[in-house]
Amino acid sequence: MSEQSTPTPVDFWFDPLCPWAWMTSRWVLEVEKVRNIEVRWHLMSLAVLNEDRLDELPEEYRELLETKAWGPVRVVIAAQEEHGAEVLGDLYTALGTRIHNKDEGPGKETVAAALKDVGLPGTLMQHWDDTPYEAQLRASHQEGIEKVGQDVGTPVIAVPGPDGEQIAFFGPVVTPAPKGEEAARLWDGTLAVASVPGFYEIKRSRTKDPDFSNL
């Protein structure tokens, strides 16, 4: 770990629905063990991201967004607004563990159980169908997506660049989540390419589904 006394802030935007964001988030937490960073969690929304282009999406994905994507993020933003942003990390871990690792799905029972797991009140579930915090949800989403553009999704990660200005990127998309020094090498390499002015993309076709076996 670096001898630097103050951890480097790493801002991470997530939607609890996304399995790939979940995988990346577990990798970043692993990096936190071997590099001097501090993850700060923020909410974004795949439902908001895609609300103006639903007709362009495959039917199955469109149905997922319309029926399952809004409730969880409404509850999470309410938790943030009523209990502070510091609850987001533990709540995301509880949600992701249930939704993805345990394959419980993003329904009401799962989200209510996750709230209980981290000691948050069940009354937050009243925000499932509607919330007065929609402006805050959209603002959090917009803050993240403006850093990388509308043609990507979740996760978005932002870190200070070599000149102190923030650099941001989508991903990385990886499975399974690397551990230990492998996690550190991926982190170092990601920062190296992201810090190059004019660098935009490196990609190959995915040949595996998300692998949660080591989480």
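The values are calculated or read from the model by the stated rules, or taken from the named source; none is laboratory data. These figures come from a predicted structure and were not determined experimentally. With ideal geometry, Cβ positions are generated from the backbone for all residues, glycine too; neighbour counts draw on all protein chains shown. Quick note on the areas: whole protein, heavy atoms, side chains included, nothing else; ligands and nucleic acids left out. Shrake-Rupley method; radii C 1.70, N 1.55, O 1.52, S 1.80 Å.
Send over a whole-number figure in Å² for the accessible area per residue of the chain, probe 1.4 Å.
Per-residue accessible area for the chain comes out at 53 Å².
Using +1 at the Cβ of each Lys and Arg and -1 at the Cβ of each Asp and Glu in the chain, identify which of Pro58, Met23, Gln136 lies farthest towards the dipole's positive end.
Going by the Cα projections, it comes out as Met23.
Check Val10: other-chain or 5+ apart residues with amide H under 5 Å from its amide H, H built from backbone geometry?
For Val10, the qualifying residues are Glu38, Val39, Arg40.
Residues with amide H under 5 Å of Ile167's amide H, sequence separation 5 or more or different chain, H placed in the peptide plane at 1.01 Å from N; which?
The list, which skips near neighbours in sequence, is Val159, Gly161.
Tell me the Kirkwood radius of the range 1-72: reciprocal of the mean inverse pair distance over distinct alpha-carbon atoms, in Å.
Computed over Cα pairs of the range 1-72, the Kirkwood hydrodynamic radius comes out at 14.1 Å.
Ignoring ligands, DNA and RNA, what percent of the 1.4 Å accessible area of the chain is carbon and sulfur? Walk me through the numbers before you get to the answer.
Values: 5310 of 11300 Å².
Within the chain, the accessible surface is 47 percent carbon and sulfur.
Note down the magnitude of the dipole of the range 125-215 about its Cα centre, charges +1 on Lys and Arg C-beta and -1 on Asp and Glu C-beta and zero elsewhere, to the nearest 20 debye.
380
Can you list the aspartates and glutamates whose alpha carbon sits under 19 Å from that of Lys179, skipping same-chain ones fewer than 8 residues off?
Glu30, Glu32, Glu38, Asp188, Asp209, Asp211
Please give the calculated 222 nm ellipticity per residue for the chain, where each DSSP H segment of at least 4 residues contributes -39500 (n - 2.57) and the sum is spread over every residue; nearest 500 deg cm²/dmol?
On the way: 8 runs with 91 residues, N = 215.
About -13000 deg cm²/dmol.
Output the pairs from Lys116/Lys208; Lys102/Lys147; Lys33/Lys116; Lys116/Lys203; Lys147/Lys203; Lys108/Lys203 with a Cα-Cα distance over 30 Å in this structure; if there are none, say none.
In this structure, Lys116/Lys208; Lys102/Lys147; Lys116/Lys203; Lys108/Lys203 lie more than 30 Å apart at Cα.
How big is the Cα convex hull of the chain in projection, averaged over all directions, in nm²? Display every interim value, and only then the final one.
Numbers: hull surface 49.6 nm².
Reported value for the Cα convex hull: 12.4 nm².
What is the mean projected area of the alpha carbon convex hull for the range 80-164, to one decimal in square nanometres?
Computing the convex hull of the Cα atoms and averaging its projections yields 7.3 nm².
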